[in-house]
Amino acid sequence: MGKFEVVLPHPDERAHCPPPGFHNFYMNQIEMGLRFPIQRFIAALCHHIKISPSQLAPNSYSFLLALAVLLSYDKLPLIPYIFMQLIQIKRLGPGKFYISHKGDHTYIKGNPSSHKGWMSRFFYIKCDSMKDPWRYERMGKAELLRAMQEEARASGEEVEAHRARELEAAKTQRESLEAELAVEKEARALEREAMVAELERANAWAGQEAERLKREAREEFLKSPALDALLTKKAWGYFKDGFWGCLAQFRANGYSEEEHPASFLDLQQALADMGDEEEAEEEGDDANASTPKSPPS
C-alpha cells in the first residue's frame, strides 16, 4: 500500500481543477464511509461502471458499505456482478452519480435526505505508488452495456465457483448430519433392546417370586390349624347331612324301629358305643404290651 498525500485547496481553487497528479474528493464522502485506500469492492464497482470514486454522491458510500455487510452475512461474494443485480446508478448532475436500490426494494435506510453544500467542501489527494488510480472516462450506454456483459461473464465463473463451494459445504454438512442421525438411531435401538431385555428379566423374576409366594402360602396353609378346623367342620357337615338323609329315607320306606331295630339310628348311642369300643381296644393293647414274652425253647 502506497502513501497518500492530501492537499487542502485555496479559496480560489475549484474541485474540477486539481493540481497535477491529484484527484478531488469531498469531506461528506469521508463522513459517509469513504476511506483510503478505497475498499476493493467499491474500487472494482467504480471500475466496472467506468466512473471515478470521487464522482459518487456521499450517500452512495454508506449505501454500498451497508449492502456489503448484508452480502457478507449471506456469504455472497462482493463482486460487481452481484452488486449490479441489486443497485441502480443515476445521474445527480454534471459528473456526479448516486447509487440506490433497484426497483421498489428499500432494504437499506437511514441516509440523510441531502448534504447541502457538499460540493464546496473538497480536498485533493494522490497516491505515490499508483498513477491516476481513480480516473475513468465515462462510456456511452452501448459501450457500458457491452462492458457489463463481459464483466458478468467473467464474474459468472466466480459466482458458479462460489455456488459449487456452497453446494459442497451443504453436502458435507448433510452427510455429517446423516451420520450423526444414524449413530443416534443405532444407540437408541441398542438402548431399547437393553430396556426390553431388562423388562423381560424383571417380569420373569416377578413371576418366579409370585409362584414362590403362592407355594409357600399354600404349604403354610396346609400345615395350619385353621385347615384342620375347616376340614373337621366340613366333614361333620357332610356326615350330619348324610346321616339324617339316610334316616329319613329309611323311615320313608316303612322300616319301623320296633320291627327292625338298628342301633346306628340312635346317634347318641352310636357315639357312646364307638367310645366304649375305642377304650376296649386301648386296654387290650396295654395288656398285650405288659405281658412278658416267653423265652424261646
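Would a scan of region 76-98 turn up a residue that is out of contact with any strand residue (DSSP E or B) (no Cβ under 7 Å at 6 or more places or on another chain), at pLDDT 80 or above and among the hydroxyl-bearing types (S, T, Y)?
yes
Does L145 meet the test of being out of contact with any strand residue (DSSP E or B) (no Cβ under 6 Å at 6 or more places or on another chain) and modelled with pLDDT of 85 or more?
For L145, the condition - out of contact with any strand residue (DSSP E or B) (no Cβ under 6 Å at 6 or more places or on another chain) and modelled with pLDDT of 85 or more - is not met.
Mind counting the residues in region 6-42 that are surrounded by 18 or more Cβ atoms within 10 Å (Cβ to Cβ) and part of a helix (DSSP H, G or I)?
Residues flagged as surrounded by 18 or more Cβ atoms within 10 Å (Cβ to Cβ) and part of a helix (DSSP H, G or I) within region 6-42 amount to 4.
So which residues in region 15-54 are on the phi > 0 side of the Ramachandran plot and of a type outside the set (G, A, S)?
K50
Among the numbered criteria (1) in contact with a helix residue (DSSP H, G or I) (Cβ under 7 Å, 6 or more places away or on another chain); (2) surrounded by 20 or more Cβ atoms within 10 Å (Cβ to Cβ); (3) over 19 Å from P112 (Cβ atoms), which one does I51 miss?
(1)
What residue, among those in region 107-134 that are modelled with pLDDT of 75 or more and among the hydroxyl-bearing types (S, T, Y), is nearest to P58 (Cα to Cα)?
Ranking the candidates gives S114 first.
Residue-by-condition table, conditions (1) charged (D, E, K, R); (2) under 15 Å from H48 (Cα atoms); (3) loosely packed, with under 15 Cβ neighbours inside 10 Å:
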| site | (1), (2), (3) |
| --- | --- |
| L71 | no, no, no |
| D74 | yes, no, yes |
| I79 | no, yes, no |
| M84 | no, yes, no |
| Q88 | no, yes, yes |
| P94 | no, no, yes |
| I99 | no, yes, no |
| D104 | yes, no, yes |
| S114 | no, no, yes |
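Just name the residue that is farthest from the chain's Cα centre (by Cα) out of those in region 58-95 that are part of a loop (DSSP other than H, G, I, E, B) and in contact (Cβ under 8 Å) with a residue 60 or more places away in the chain.
G95
The values are calculated or read from the model by the stated rules, or taken from the named source; none is laboratory data. As the structure is a computational prediction, the values presented were derived from the model and not from experiment. In this analysis, Cβ positions are derived from the backbone assuming ideal geometry, glycine residues included, and neighbour counts consider all displayed protein chains.
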